[in-house]
Amino acid sequence: MQQLNFIKARTLEWHEVDAPTLEDDHGVLVRPLTVATCDMDGVAIMGFVPLKGPTPIGHEGEGVITEVGSAVTKWKVGNRVIIPWKIACGSCKSCGRHHTAQCLSVPPEDAYGWGPTSPKWGGFISDTVLVPWADNMLTRLPDGVDPHLACGVADNISDGYRAVAPFLKERPGGTVLVTGMVPPGSIALYAAGFAVALGSERVVYADSDPGRLEIAEALGAEAMQLTQDTLKAYATDQKTLSGGFDITVDGCGMAAFLPDLIAATARAGVCVSTAGIVYRGNSVPMDVYSMYRKSMSFHTGWVHTHAFIEEPLDLIASGEFDPSPVTTKIVPWADAAEALAEPFTKLIISRPA
């Protein structure tokens, strides 16, 4: 079968590889039809982090089931399904706690289209992928919902949702400051868009890229040029501990900005970093004493997609959240290699069912 592989920075190639087969009775085979880029795809393809090729690419997508194991109870051939990026069994201690990104039944890095185990699981820009533990892994594509809108919930849309939604439930109407700088930058934009959709009293999106600032405004956020000075202007007064944003989101991945973002977080607030991958090997300063005094929290880590996916999907299906302003363009399957080699915020690759 045909499979698209990352070779080196801005170079991708189609390779002929063996098609996967069912390994046990609990899996299914899926033909991917709509695949969205993850921010990490862009980071790797543009050469910002080392990734050794050839590596199968693509881990946000939906498709149609083509073969079903005999022990699968929820799915049948022909179902349209969304495939989360991370492999998770659904029955281990971590999965039972909804910590599916840290499933104990597989090695920590097990995922589609990313990391050292991607050759095992393959990428979504291919003719077929194997989905183990299908009853737990898959989510149905709702009837009538455009897959170009929904396929991103497999990773980045859910990642943007988890950055703000759980904390807005605890702080209804809470104010939100989102920083974005590391390209492609879709997660931070989704976070800002969800904050608006979920009723935040004020959503500020700070970035240095004019295009992403325009997208943020289209999503209903207040756009701000991100510099050290402008971020400091929002920082909490360290003597009075007054002001600040209830929720701050580090989508910029700039270690120099993180202390100011933490300072801009309100008392009993939360700072969420969705950009942890870019801090690999870097020393990141954090004023833990100030965080302690403010009773604030800091969250980071891979998104537990399986635990969140239904909520953003429902918002998309109902029309309460429209992710389309973030999409750069939709391209035919055959054009994927060339399109991915050019800069993008959110690229969607699509083929007929």
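The values are calculated or read from the model by the stated rules, or taken from the named source; none is laboratory data. The shown structure was predicted, so the numbers you read here are calculated from the model rather than taken from an experiment. Cβ sites come from the backbone with ideal geometry, for glycine too, and all protein chains shown count toward neighbours.
On the stretch given as the stretch 5-59, residues that are basic (K, R) and buried (at least 16 other Cβ atoms within 10 Å of the Cβ) total 1.
Within the stretch 30-73, the set of residues being under 23 Å from H306 (Cβ atoms), β-branched (V, I, T) and in a loop (DSSP other than H, G, I, E, B) comprises T37, I57, V72, T73.
For the stretch 16-29, the count of residues that are under 29 Å from I187 (Cα atoms) and assigned to a loop (DSSP other than H, G, I, E, B) is zero.
Look at S158 and say whether it is of a type in the set (S, T, N, Q), under 25 Å from I7 (Cα atoms) and either surrounded by 24 or more Cβ atoms within 10 Å (Cβ to Cβ) or not assigned by TED's automatic domain parsing to the domain that holds T328 (or both). Explain how you work it out, then say what you get.
Numbers: of a type in the set (S, T, N, Q): yes; under 25 Å from I7 (Cα atoms): no; either surrounded by 24 or more Cβ atoms within 10 Å (Cβ to Cβ) or not assigned by TED's automatic domain parsing to the domain that holds T328 (or both): yes.
No; evaluated as a whole, the condition is false for this residue.
Restricting attention to the stretch 117-155, the residues that are crowded, with 24+ Cβ neighbours inside 10 Å and touching a Cys at 6+ places or on another chain (Cβ under 6 Å) add up to 1. Restricting attention to the stretch 91-116, the residues that are surrounded by 17 or more Cβ atoms within 10 Å (Cβ to Cβ) and charged (D, E, K, R) add up to 1.
Comparison of A256, A341 shows that the only residue that is small (G, A, S) and over 22 Å from the mean Cα position of the chain (by Cα) is A256.
Picking from residues in the stretch 304-331 that are in contact with a strand residue (DSSP E or B) (Cβ under 8 Å, 6 or more places away or on another chain) and over 30 Å from N136 (Cα atoms), the one that is surrounded by the most Cβ atoms within 10 Å (Cβ to Cβ) is T328. Residue count for the stretch 115-132 under the criterion of being within 20 Å of I82 (Cβ to Cβ), outside any loop (DSSP other than H, G, I, E, B) and not aliphatic (A, V, I, L, M): the result is 3.
The set of residues from the stretch 94-115 being without any contact (Cβ under 8 Å) to a residue 40 or more places away in the chain and within 19 Å of the chain's Cα centre (by Cα) comprises C103, P108, E109, D110, G115.
Taking the criterion of being modelled with pLDDT under 95 and within 22 Å of the chain's Cα centre (by Cα), the residues of the stretch 227-253 that qualify are C252, G253. Would you mind stating whether T139 is in the same structural domain as A9 (by TED's automatic domain parsing), touching a Lys or Arg at 6+ places or on another chain (Cβ under 8 Å) and at pLDDT 95 or above? When the stated conditions are applied, T139 does not pass them.
Looking across the stretch 167-205, just one residue is of a type in the set (G, A, S), in a helix (DSSP H, G or I) and more than 22 Å from G319 (Cβ to Cβ), and that is A188. If the condition is being crowded, with 24+ Cβ neighbours inside 10 Å and closer than 18 Å to M40 by Cβ, then the stretch 238-271 contributes V249, D250, G251, C252, G253.
From the set of residues in the stretch 1-60 that are among the polar types (S, T, N, Q) and more than 24 Å from the chain's Cα centre (by Cα), which is farthest from R140 (Cα to Cα)?
If we filter the stretch 1-60 for residues that are among the polar types (S, T, N, Q), which is where we start, we get 2-3, 5, 11, 21, 34, 37, 55.
Pick out the ones that are also more than 24 Å from the chain's Cα centre (by Cα) and you get 2, 21.
Numbers: Q2: 25, T21: 22 Å.
Top of the filtered list is Q2.
What residue, of G301, G281, is under 17 Å from the mean Cα position of the chain (by Cα) and surrounded by fewer than 14 Cβ atoms within 10 Å (Cβ to Cβ)? Steps first, answer last, please.
Values: G281 fails: under 17 Å from the mean Cα position of the chain (by Cα).
After applying the criteria, what remains is G301.
Select the strands (runs of 3 or more DSSP E) contained entirely in the stretch 242-342, then report the ones holding at least 1 residues which are in contact (Cβ under 8 Å) with a residue 40 or more places away in the chain and farther than 30 Å from N5 by Cα.
Working: elements: 245-251, 265-273, 297-300, 329-332.
Fully inside the stretch 242-342 and qualifying: 245-251, 265-273.
Right, G174: more than 18 Å from C252 (Cα to Cα), surrounded by 22 or more Cβ atoms within 10 Å (Cβ to Cβ) and not assigned by TED's automatic domain parsing to the domain that holds G58 or not? It is true that G174 is more than 18 Å from C252 (Cα to Cα), surrounded by 22 or more Cβ atoms within 10 Å (Cβ to Cβ) and not assigned by TED's automatic domain parsing to the domain that holds G58. Taken together, the residues in the stretch 158-188 that are under 26 Å from V81 (Cα atoms) and either in contact with a Ser or Thr (Cβ under 8 Å, 6 or more places away or on another chain) or free of Cβ contacts under 8 Å to residues at least 60 places away in the same chain (or both) amount to 11.
The rows are residues; the columns are (1) out of contact with any helix residue (DSSP H, G or I) (no Cβ under 8 Å at 6 or more places or on another chain); (2) among the polar types (S, T, N, Q).
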{"residue": "V106", "(1), (2)": "yes, no"}
{"residue": "G113", "(1), (2)": "no, no"}
{"residue": "S118", "(1), (2)": "yes, yes"}
{"residue": "F124", "(1), (2)": "yes, no"}
{"residue": "D127", "(1), (2)": "yes, no"}
{"residue": "L130", "(1), (2)": "no, no"}
{"residue": "W133", "(1), (2)": "yes, no"}
{"residue": "L138", "(1), (2)": "yes, no"}
{"residue": "P142", "(1), (2)": "no, no"}
